[in-house]
Structures are given as C-alpha cells and as structure tokens.
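S.K.: Let me begin by handing over the structure; questions about it come next.
The values are calculated or read from the model by the stated rules, or taken from the named source; none is laboratory data. None of the values given here were measured: they were computed from a predicted structure. Cβ placement follows ideal geometry from the backbone for every residue including glycine, while neighbour counts extend to all protein chains displayed.
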Amino acid sequence: MVPFEEFQRNMTRRFLFSRGSHLLGTAALASLMGGPGRGLAAEGSSGATSDSGSLSGAIPTQLPPRVKHIIYLHMVGGPPQMDLYDYKPVMNDWYDKDLPETIRKGQRLTTMTSGQARFPIAPSKFAFEQCGQSGMWVCELLPWTKKVVDEMVFVRSMYTEAINHEPAISLMQTGNQVTGRPCLGSWMSYGLGSLNENLPSFVVMVARPTNTEQVQAISARLWSSGYLPGEHAGTAFRTAGDPILFINNPNGVTSPVRRTTLDAVSRLNQLNYEMVGDPEIHTRIQQYELAFRMQSSVPELTDLASEPQSTYELYGESARQPGTFANTTLLARRMVERGVRFVQIYHNNWDTHGNVAGRLPDQCRDVDQATFGLINDLKQRGMLDQTLVIWGGEFGRTVYSQGGLSKTNYGRDHHPRCFTMWMAGGGFKGGTIYGETDDFSYNIVRDPVHIRDFHATVLHQLGYEHERMTFKYQGLDQRLTGVLPTRVINEILS
C-alpha cells in the first residue's frame, strides 16, 4: 500500500482533531499537490493490474502474475550437491588427493575445517543415473525424484556469501544475513493478499526428520513479518497435538461465549485504535477475528480422513503419520487448495559434517517420494501451473572431507560458492538445467545465480518487478532484493 494511502486509512476522526497540526498540514499538502495524495502514488502502481482473485490486502502488480501459491521446501543444514544433483565422476580419480590451491583460491573456511592439515577429496560414494528428456544426472538415493525431473528446473550455480547456518538461512529467506527482515512468504502475503478469510495467507511447518544426528536450531525470526504489518507473519502449524495452540476452546467455554468475549476485546481494541491510530492495533483486531474463524477451518484442513488410498500411493504411507515430511507436503497441497498463499516447510538434519553414508539415505528417503507425490498431485489437479514448488538449502557442501575419509564414508563442511536448487511449476521451464560448476563442484564456471537473483525471479513470477516491490521503513524504500545489482533469470522461465 502507498504510505500516504495507508496514513489516510488509519487516520481516525478523533485522532485527526486531537492533533490539530495534522489538519493544517494535510490541507496545505493537498493544496500544493492539486488534490489529496496526488503524486504520492507508489512508482509501481502506475498502470498496474491487481490480482483479482484476492480477498484482501493486495497491492497492484506490475506484471501479469504467473504464480498464486508457493510451497517452499527448505532443507535445513545444506544438502551436499555433489552427492545429489551435481554429478562429478572425475573426482573418482582424485580420491584422497588434496584439493588444489588453484581451486580453493584462499576461500575462507569455517572453524570446523580451517585447522585441518589436509583437504582430501571425497568423491561421492553414490551412483548416478541420467534421467528424463533433460538428461539430468540424479543420485540413486532419489528414485522417485528421477521420474519428475522434466517438471523441474535445476539451478546448479546458486551461490551465497554466508558460510554459517543462521546468517545463511536468514539470507535465503529474507534477503539479508541480519535477522528481523520480512521473509519471502511475508512479501507474498503483503503483495497478493489473502484468498481465504478463514485461513492464514502464510503458513509454516517444521517436519520431523527420521534421523536426528545433527539438527539445526531454527526460530520464528525466519518467518516474521519484519517491518511489514504483523498480519503478514507466518503462522506456525505444529506437527504434534493441536496444529495451533488454543485452537480449541477450553472445557466449559462454548463457541457463543468465545464470540462474546472476542466482541468485547474487539471493542476495547477499537477504542484504543481510535485514540492512538496505530495500524498494528488494527492488525490485532483482524488477527483475533482470523483466529476465531480458524477454529472451524483448521480442524477440517488437517483432517486427512477424506483422502483416498490413491493419495498415499502418491506420497507414501508415511504421509499418514503427523509431523513427517510426507505428511506436511500433503497438508501443503490441502492448504494451497483452500487458498493459502505461501507454505514454508523446513526439513532438518542436512548438516552432514560426518557420516554422509549413514545419514544421507535417511534424509533422501524422507523427502523423495513425498516430493514426487506433491508435484504429481498438483499437476493432476490442474494446480501446478499456478503453484511454484521450491527445493533447496542455505548453501552447499565441500568436495573435500571433514574429518576421517574412506571410500565408503566421509563428511563435508559448509560451502557457499556453489550449490543446487530446483523449482517446479509456477511458469518455470521444466526440464531445464541451468548453470555449471567445475569438476570439483567448488567454483561456478557458467551462469552464476545469487540469492538476490533467485528472489527477483520469484517476485517476477508473482507479478512484481523487484526494484518496485518496496516498503517505506526508516526513511528508505526497503525491498527483498536489496540494492546490489540483481537480475531476473529469464532463461529458466517459460
């Protein structure tokens, strides 16, 4: 929303006349500009069309939107790209040889390997197969994913500056290594608004991995709305017990009693809003009302009894178990089906500093069939064209081993210089392989893609030019992609 329009919307009569300076100032400004607010419209609003399917909160788009929903599958910890999608058979000849300095080029290392006397090459122990018409090489641990590679765009040349988890995940989600900024889901909610007044526009779920050797800490800072209005923060759905705390009324409290209580609280908030004029009070009123409506919508959403056996043949039997990755992806499909804009799923334990041989098969087994099921489920329902599925972590892993090395097991440290992500649906060109790394999967040799470029491309598919999708905060036009050079990767769009 244009700042002046937001000011007008939140300016109450009582607040206006209690602050006489506003009256004179507004009149003078209107006189100078030839009309109320003329010339203060956001740069991006000129000639734009809004998402007509939105119920509330939408701001004008500058481009024809291709995406109405996003399901973002974040693999927390950083999946090892050379063990999954970045096939490097030449490394078999380099087993236990030192990584050449001409390749490392003095890159800063984490404290976990900076003290190593050697950096011995650890080729992937897993076999690869060339799949689909695209010819994408895929690890043997992903037999279900192999079947849908032609629905996917693989970007093998992603890179980041962050080398540790907290700043890296923050950068991937919010465009900044410092926490407290709005994440991609919040920007989508802010821009396109809600499609269902009975459900949040942005939902977060943290899936429970089968293997829990080394889970990373993640917090609500990753899905906060930052400086955007609070209503655009992610709503966390729990994976055990009630999906949302206090979704059910306490014993002895009926729905009419709850309604009466909320009406009284709403009147108190409204009085405060009229006196103060703070838009966050208005947000609070809206959130109370949404919470009340969710008491009926969320139980129906999370009740999987109506799903046929064919659903579990797609996603796998583990989709019946609350909290599994398969269960959360099935819920994600049900959410977007009901109008949720953005679903963020975190799957932990990809931080493979050691025991790749023991842990990676579990990780892949958790996500493989569920990913296949999600893509096919969306496709057969005619939803994949308008739903973007994103898969990836916050950085990649090193080709050299951390700790002990054998031909059957090894570990890998953090690696920000290159990693692989894939996208499916949402107007992305399925069957595309973009970018290339060197034989060591250490440096990018063709078509680098920074996280800023990734964000700009997603915003483009939502209908926004990243430089014009802004929010005024602390005197600056803040945006997801920041101020450094950024481009939309048109080569991967259909």
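S.K.: List pairs: first residue in the stretch 298-324 and in the same structural domain as Phe237 (by TED's automatic domain parsing) and more than 23 Å from Leu199 (Cβ to Cβ), second residue aliphatic (A, V, I, L, M) and part of a helix (DSSP H, G or I) anywhere in the structure, Cβ distance under 6 angstrom, at least six positions apart or on different chains.
M.R.: Within 6 Å, the pairs are Tyr312/Ala319; Gly316/Ala326; Ser318/Ala326.
S.K.: Hey, could you check the stretch 207-225 for residues that are under 15 Å from the mean Cα position of the chain (by Cα) and crowded, with 20+ Cβ neighbours inside 10 Å and say which is farthest from Trp350 (Cα to Cα)?
M.R.: Ser225
S.K.: Residues that are more than 14 Å from the chain's Cα centre (by Cα), within 17 Å of Asn490 (Cα to Cα), among the hydroxyl-bearing types (Ser, Thr, Tyr) and surrounded by 22 or more Cβ atoms within 10 Å (Cβ to Cβ): does the stretch 454-465 have at least one? Spell out the reasoning first.
M.R.: Residues of the stretch 454-465 that are more than 14 Å from the chain's Cα centre (by Cα), as a first pass: 460-461, 463-465.
From the residues that got through so far, the ones that are within 17 Å of Asn490 (Cα to Cα) too are 460-461, 463-465.
If we keep only those that are among the hydroxyl-bearing types (Ser, Thr, Tyr) as well, we get 464.
Subsequent filtering for residues that are surrounded by 22 or more Cβ atoms within 10 Å (Cβ to Cβ) retains 464.
Yes.
S.K.: Separate question: Filter the stretch 364-414 down to the residues that are surrounded by fewer than 18 Cβ atoms within 10 Å (Cβ to Cβ) and among the small types (Gly, Ala, Ser) and list them by number. It would help to see each step written out before you state the result.
M.R.: Step one: of the stretch 364-414, the residues surrounded by fewer than 18 Cβ atoms within 10 Å (Cβ to Cβ) are 376, 379-383, 385, 403-409.
Passing the criteria: Gly382, Gly403, Gly404, Ser406.
S.K.: A further question follows. Would you confirm whether or not the stretch 473-486 contains a residue that is assigned to a strand (DSSP E or B), in contact (Cβ under 8 Å) with a residue 12 or more places away in the chain and either out of contact with any helix residue (DSSP H, G or I) (no Cβ under 7 Å at 6 or more places or on another chain) or surrounded by fewer than 21 Cβ atoms within 10 Å (Cβ to Cβ) (or both)?
M.R.: The answer is yes, given that some residue of the stretch 473-486 is assigned to a strand (DSSP E or B), in contact (Cβ under 8 Å) with a residue 12 or more places away in the chain and either out of contact with any helix residue (DSSP H, G or I) (no Cβ under 7 Å at 6 or more places or on another chain) or surrounded by fewer than 21 Cβ atoms within 10 Å (Cβ to Cβ) (or both).
S.K.: If a residue must be charged (D, E, K, R) and not in a loop (DSSP other than H, G, I, E, B), how many such residues does the stretch 109-142 contain?
M.R.: Residues meeting the conditions: 1.
S.K.: Return the residues of the stretch 370-398 that are assigned to a loop (DSSP other than H, G, I, E, B) and among the basic types (Lys, Arg); say none if nothing qualifies.
M.R.: Once the filter is applied, which keeps residues that are assigned to a loop (DSSP other than H, G, I, E, B) and among the basic types (Lys, Arg), the stretch 370-398 yields only Arg381.
S.K.: Right, Tyr400: in contact with a His (Cβ under 7 Å, 6 or more places away or on another chain) and among the aromatic types (Phe, Trp, Tyr) or not?
M.R.: In short, no.
S.K.: May I ask you to verify whether Gln173 is assigned by TED's automatic domain parsing to the domain that holds Glu161, in a loop (DSSP other than H, G, I, E, B), surrounded by 15 or more Cβ atoms within 10 Å (Cβ to Cβ) and among the polar types (S, T, N, Q)?
M.R.: Numbers: assigned by TED's automatic domain parsing to the domain that holds Glu161: yes; in a loop (DSSP other than H, G, I, E, B): no; surrounded by 15 or more Cβ atoms within 10 Å (Cβ to Cβ): yes; among the polar types (S, T, N, Q): yes.
Against the criterion (assigned by TED's automatic domain parsing to the domain that holds Glu161, in a loop (DSSP other than H, G, I, E, B), surrounded by 15 or more Cβ atoms within 10 Å (Cβ to Cβ) and among the polar types (S, T, N, Q)), Gln173 does not qualify.
S.K.: What number of residues in the stretch 176-204 are surrounded by fewer than 20 Cβ atoms within 10 Å (Cβ to Cβ) and in a helix (DSSP H, G or I)?
M.R.: 0
S.K.: Count, please, the residues in the stretch 338-369 that happen to be within 30 Å of Ala233 (Cβ to Cβ), in contact with a helix residue (DSSP H, G or I) (Cβ under 9 Å, 6 or more places away or on another chain) and part of a helix (DSSP H, G or I).
M.R.: At the first step, the residues of the stretch 338-369 found to be within 30 Å of Ala233 (Cβ to Cβ) are 338-351, 363, 366-367.
Filter again for in contact with a helix residue (DSSP H, G or I) (Cβ under 9 Å, 6 or more places away or on another chain), leaving 338, 340-347, 349-351, 366-367.
Pick out the ones that are also part of a helix (DSSP H, G or I) and you get 366-367.
So the count comes out to 2.
S.K.: With respect to Ser441, determine if the residue is assigned to a loop (DSSP other than H, G, I, E, B), at negative phi and in the same structural domain as Tyr87 (by TED's automatic domain parsing).
M.R.: no
S.K.: Just the residues that are surrounded by 20 or more Cβ atoms within 10 Å (Cβ to Cβ) and either aliphatic (A, V, I, L, M) or not in a loop (DSSP other than H, G, I, E, B) (or both), please, taken from the stretch 308-333.
M.R.: Across the stretch 308-333, the qualifying residues are Leu314, Tyr315, Ala319, Phe325, Ala326, Asn327, Thr328, Thr329, Leu330, Leu331, Ala332, Arg333.
S.K.: Give the residue, chosen from Gly106, Gly77, that is buried (at least 23 other Cβ atoms within 10 Å of the Cβ) and either assigned by TED's automatic domain parsing to the domain that holds Gly411 or in a loop (DSSP other than H, G, I, E, B) (or both). Please lay out each step first, then the result.
M.R.: On the way: Gly106 fails: buried (at least 23 other Cβ atoms within 10 Å of the Cβ).
Of the residues listed, the single one that is buried (at least 23 other Cβ atoms within 10 Å of the Cβ) and either assigned by TED's automatic domain parsing to the domain that holds Gly411 or in a loop (DSSP other than H, G, I, E, B) (or both) is Gly77.
S.K.: Could you tell me how many of the residues in the stretch 220-270 are among the polar types (S, T, N, Q), assigned to a helix (DSSP H, G or I) and more than 19 Å from Glu300 (Cβ to Cβ)?
M.R.: Going through the stretch 220-270 one residue at a time, the tally reaches 5.
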